[in-house]
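Student: Can you keep this structure in mind? I'll have questions shortly.
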Amino acid sequence: MKNIVILISGGGSNMAAIVRAAQQQDWQERHGIRIAAVISNRPGAGGLALAQGLGIATQVLDHKAYATREDFDAALAQAVAAHDPALVVLAGFMRVLTPIFVERFAGRLLNIHPSLLPAFPGLDTHQRAIDAGCKVAGCTVHEVTAELDVGPILEQAVVPVLPCDSAQTLAARVLEQEHQIYPRAILAFLRCGEDGQGAGASCLR
Ligand code: GRF
């Protein structure tokens, strides 16, 4: 069985899209892929109730309870490793991870970012795209490396930026695409190697 652990901080709509895709497409029966747990660094994250409603085990590790970023990441790494994950999925997880965490899960750590990387790493991506006069925007699934929003790109989707767009309307249009590409990229990542060809991200690079 290939276990997935999903890390969230907020509403969890990407997490829910992944769980629903796994359930609807029967990933467990067909591919031996199971969503083992959803872990949030924020006790109030809306995604926790959403995950529970979808039948997924949840856990909270409040980063505020730890003195340093390293302490939090050590505890998080332990909680994640307890599920023996084939893949760790960041889905709106709003903490920068330390190199020690990233190295421990290197090659099995994915993120989705709401811009067409390498454009607009970091926060406030939609307003920055509008301010720059971009005609298109989008989202990127990428491997996580020690540097923020820079790892190898695995999948992208493009949406138009409309003249009437606000950051909110653009974000909503991009989010719809996030929900399409993230489950697809995760399935392709985990199925890679089934036919003896490649492994992990090599199928998507
Ligand atoms: C998404 O736009 C994701 O790309 C970004 O934060 C947002 C999280 O949304 N990193 P949700 O929690 O998945 O609803």
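The values are calculated or read from the model by the stated rules, or taken from the named source; none is laboratory data. Because the structure is predicted, anything quoted here is derived from the model rather than measured. Cβ coordinates were reconstructed from backbone atoms using ideal geometry, including for glycine residues, and neighbour counts include every protein chain displayed. To get the accessible areas, we keep the full protein, side chains included, count just its heavy atoms, and leave off ligands, DNA and RNA. Shrake-Rupley method; radii C 1.70, N 1.55, O 1.52, S 1.80 Å.
Student: Ignoring GluC sites (Glu not before Pro) that are buried or in helix or strand per DSSP, and keeping those with at most 16 other beta carbon atoms within 10 Å, what is the longest stretch of the chain between them?
Tutor: Counting at most 16 other Cβ atoms within 10 Å as exposed, the longest clean stretch of the chain is 1-146.
Student: Still on this structure, I have one more. Could you please report the charge total around R205, scoring K, R as +1 and D, E as -1 over all other residues with beta-carbon less than 12 angstrom from its beta-carbon?
Tutor: The answer is -2.
Student: Let me check something: with ligands and nucleic acids excluded, how do C134, C203, C139 order by accessible area (1.4 Å probe), largest to smallest?
Tutor: C203, C134, C139
Student: Turning to a different aspect of this structure: I'd like the distance separating the alpha-carbon centroids of region 30-106 and region 1-24, in whole Å.
Tutor: When both Cα centres are located, 11 Å separates them.
Student: Related question: Just subtract the alpha-carbon distance of A132 and V96 from 0.36 nm times their residue separation and send over the number in nm, one decimal.
Tutor: Extending this stretch completely gives an extra 10.4 nm.
Student: Counting only the heavy atoms of the protein chains, how much of D84 is accessible to a 1.4 Å probe, in Å² to the nearest 10?
Tutor: We get 120 Å² for D84.
Student: Loop only per DSSP, at most 16 neighbouring Cβ atoms within 10 Å: give me the chymotrypsin sites (Phe, Trp or Tyr not before Pro) in region 23-72, ordered by residue number.
Tutor: Listed in order of number, the matching sites are Y66.
Student: Follow-up. If you add up the charges near A45, with Lys and Arg at +1 and Asp and Glu at -1, over every other residue whose beta carbon is less than 15 angstrom from its beta carbon, what do you get?
Tutor: That works out to +2.
Student: Using modelled backbone amide H atoms (1.01 Å from N, in-plane), which distant-in-sequence or interchain residues come within less than 5 Å of L109's amide H?
Tutor: V88, V144
Student: Return the carbon/sulfur percentage of the accessible area of the chain, one whole number, probe 1.4 Å, all protein chains in place.
Tutor: Heavy-atom surface of the chain belonging to carbon and sulfur, 1.4 Å probe: 52 percent.
Student: Just flag the trypsin sites (Lys or Arg not before Pro) in region 97-160 sitting in loop per DSSP whose Cβ has no more than 12 other Cβ atoms within 10 Å.
Tutor: Of the trypsin sites (Lys or Arg not before Pro), the ones in loops of region 97-160 whose Cβ has at most 12 other Cβ atoms within 10 Å are K135.
Student: Label region 42-120 by shape, choosing from rounded, prolate and oblate, from the square roots a ≥ b ≥ c of the eigenvalues of the Cα gyration tensor; if a/c is under 1.5 it is rounded, and otherwise prolate applies when a/b is larger than b/c, oblate when it is not.
Tutor: Taking the square roots of the gyration eigenvalues as a ≥ b ≥ c, region 42-120 is rounded.
Student: Tell me which cysteines of the chain come out unpaired when the rule is another cysteine's Cβ under 4.7 Å.
Tutor: C134, C139, C164
Student: Once amide H atoms are built 1.01 Å from N in the peptide plane, which residues 5 or more positions from I35, or in another chain, come under 5 Å H to H?
Tutor: The answer is I4.
Student: Let me ask something else. Excluding L90 itself, calculate the net charge of residues whose Cβ lies under 15 Å from the Cβ of L90, where each Lys or Arg counts +1 and each Asp or Glu counts -1.
Tutor: Result for the local shell: -2.
Student: Give me the percent of DSSP beta bridges within the chain that run antiparallel, rounded to the nearest 5.
Tutor: The antiparallel proportion sits near 40 percent.
Student: Listed highest first by mean packing, meaning other Cβ atoms within 10 Å per residue, what order do 165-173, 87-95 come in?
Tutor: Highest mean packing first, the order is 87-95, 165-173.
Student: Pop the C-beta distance of D84 and D124 into the FRET formula with R0 = 30 Å and round what comes out to the nearest 0.05.
Tutor: 0.25
Student: Can you compute 3J(HN,Hα) from phi for each residue in region 167-184, using the Karplus curve 6.51 cos²θ - 1.76 cosθ + 1.60 with θ = phi - 60°, rounded to whole Hz and x for Gly and Pro?
Tutor: Karplus values, whole Hz, x for Gly and Pro: 4, 5, 5, 5, 4, 5, 5, 5, 4, 4, 6, 4, 5, 7, 7, 5, x, 5.
Student: Hey, can you find the accessible area per residue of the chain for me, probe 1.4 Å, expressed in square angstrom?
Tutor: Normalised by residue count, the accessible surface of the chain is 47 Å².
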